[in-house]
Amino acid sequence: MKTSSGLLRAFMESTRDLLPIVIVVAFFQIAVLQQPFPELLDLLTGLFLVILGLTLFVQGLEMGLFPIGESMAYAFARKGSVSWLLAFAFLLGFGTTVAEPALIAVTKKAAQVAAEGGFIHHSEVAREGYADGLRYTVAFSVGLAIVIGVLRILRGWPLHYLIIGGYCGVVIMTLFAPPEIVGIAYDSGGVTTSTITVPLVTALGVGLASSIKGRNPMVDGFGLIAFASLMPMIFVMIYGAVI
């Protein structure tokens, strides 16, 4: 019963969260465009499935991903091995980013547009190679970003200095990178922080800051996601300049 009531409450919260966009779409469709909704039954069914999926996703985060991330952070802190912790941080960032659906979609679209624009050969092999190159470049950069973020927590480095320095690097690379890659690089920074990466990386940062004496989880536990968004911009522009 407790689980059922929790799911029902989460379902109502998801419905409330999606209600504003539903109202906006309905208003413009009815009042501005003055057209009926096409295939209304399919639309309502899809909306229900979206709400249900969001509900189950949030419940899964609370039940599985957040606890495992925090517990592993505690375990590494107790073990006292910085090298293993950094290796885990890199592989966590790399692995979660490779699996990001949004990143896969963006890299495939970028490869398709690059082929149509004549920047790469218009063949399936060339498109797949370009997309995989972008994808693994972004994944490597996120892994490196998580390593830097973990070192920041361990050493107590100020977050704002690192962020300012990083964005200075982004601006400098923008001046030298090919114009065709700049937009892709900026979008790559956004799509890395999606459904898979954010929960585990956030849990790692908060759990690590909670387990280290002298660290404040509110001050030191957050900020890893900022690095995960920042580093791909630089590395994708380097990738574009190299190829």
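For the charge dipole of the chain, defined by +1 on Lys and Arg C-beta atoms and -1 on Asp and Glu C-beta atoms about the Cα centroid, which residue among ALA87, VAL170, VAL182 has the Cα displaced farthest towards the positive pole?
ALA87
Please compute the alpha carbon radius of gyration of the range 109-160, then divide it by the globular-protein estimate 2.2 N^0.38 Å. Two decimals is fine.
1.72
I need the phi-derived Karplus couplings for the range 195-203: 6.51 cos²θ - 1.76 cosθ + 1.60, θ = phi - 60°, integer Hz, Gly and Pro marked x.
4, 9, 5, 4, x, 5, 5, 4, 4
If the cut-off is 19 Å between C-alpha atoms, which aspartates and glutamates fall inside it for LYS109, apart from same-chain ones fewer than 8 positions away?
Once the sequence-local aspartates and glutamates are set aside, what remains near LYS109 is GLU100, GLU124, GLU128, ASP132, GLU180, ASP187.
How high is the FRET efficiency from ALA99 to SER123, r the C-beta distance, R0 30 Å, rounded to 0.05?
Given R0 = 30 Å and the Cβ-Cβ separation, E is 0.70.
To the nearest 20 debye, what is the magnitude of the charge dipole of the chain about its Cα centre, counting +1 on the Cβ of each Lys and Arg and -1 on the Cβ of each Asp and Glu?
That gives a dipole near 960 debye.
If you count only protein heavy atoms with a 1.4 Å probe, what accessible area per residue comes out for the range 128-234, rounded to a whole Å²?
43
I'd like the Kirkwood hydrodynamic radius of the chain, using the inverse of the mean 1/r over distinct C-alpha pairs, in Å.
20.3
Please tell me the relative contact order of the chain in percent, rounded to the nearest whole number, where contacts are Cα pairs under 8 Å and at least six residues apart.
25
Largest first, please: the extent of the C-alpha atoms of the range 73-165 along each principal axis, to the nearest Å.
52, 29, 18
Bin width 5 Å, alpha-carbon pairs only: give the P(r) of the range 1-119 as whole percents, running from 0 to the bin holding the largest distance.
Calculated over all Cα pairs of the range 1-119, the distribution is 2, 8, 10, 12, 12, 13, 14, 12, 8, 5, 3, 2, 0 percent.
Of all accessible surface on the chain at a 1.4 Å probe, what whole percent is carbon and sulfur?
Solvent-exposed carbon and sulfur of the chain make up 71 percent of the total.
So what are the ³J(HN,Hα) numbers for the range 81-93, from phi and the Karplus equation (6.51, -1.76, 1.60; θ = phi - 60°), rounded to whole Hz, Gly and Pro as x?
Residue by residue, the range 81-93 yields 9, 5, 4, 5, 5, 5, 5, 4, 4, 5, 5, 5, x Hz.
Given R₀ = 22 Å, what would the calculated FRET efficiency be for LYS213 paired with ILE163, taking r from the Cβ atoms and rounding to 0.05?
That gives a FRET efficiency of 0.30.
For every helix of n ≥ 4 consecutive DSSP H residues, a contribution of -39,500 (n - 2.57) applies; sum these over the chain, divide by its total residues, and give [θ] at 222 nm rounded to the nearest 500 deg cm²/dmol.
-27000 deg cm²/dmol
The values are calculated or read from the model by the stated rules, or taken from the named source; none is laboratory data. No experiment lies behind these values; they were computed from the predicted model shown. Quick reminder, even Gly has a Cβ in these numbers, built from the backbone with ideal geometry, and neighbours come from all protein chains shown. In case anyone asks, the SASA skips ligands and DNA or RNA and just uses the protein heavy atoms, side chains included. Shrake-Rupley method; radii C 1.70, N 1.55, O 1.52, S 1.80 Å.
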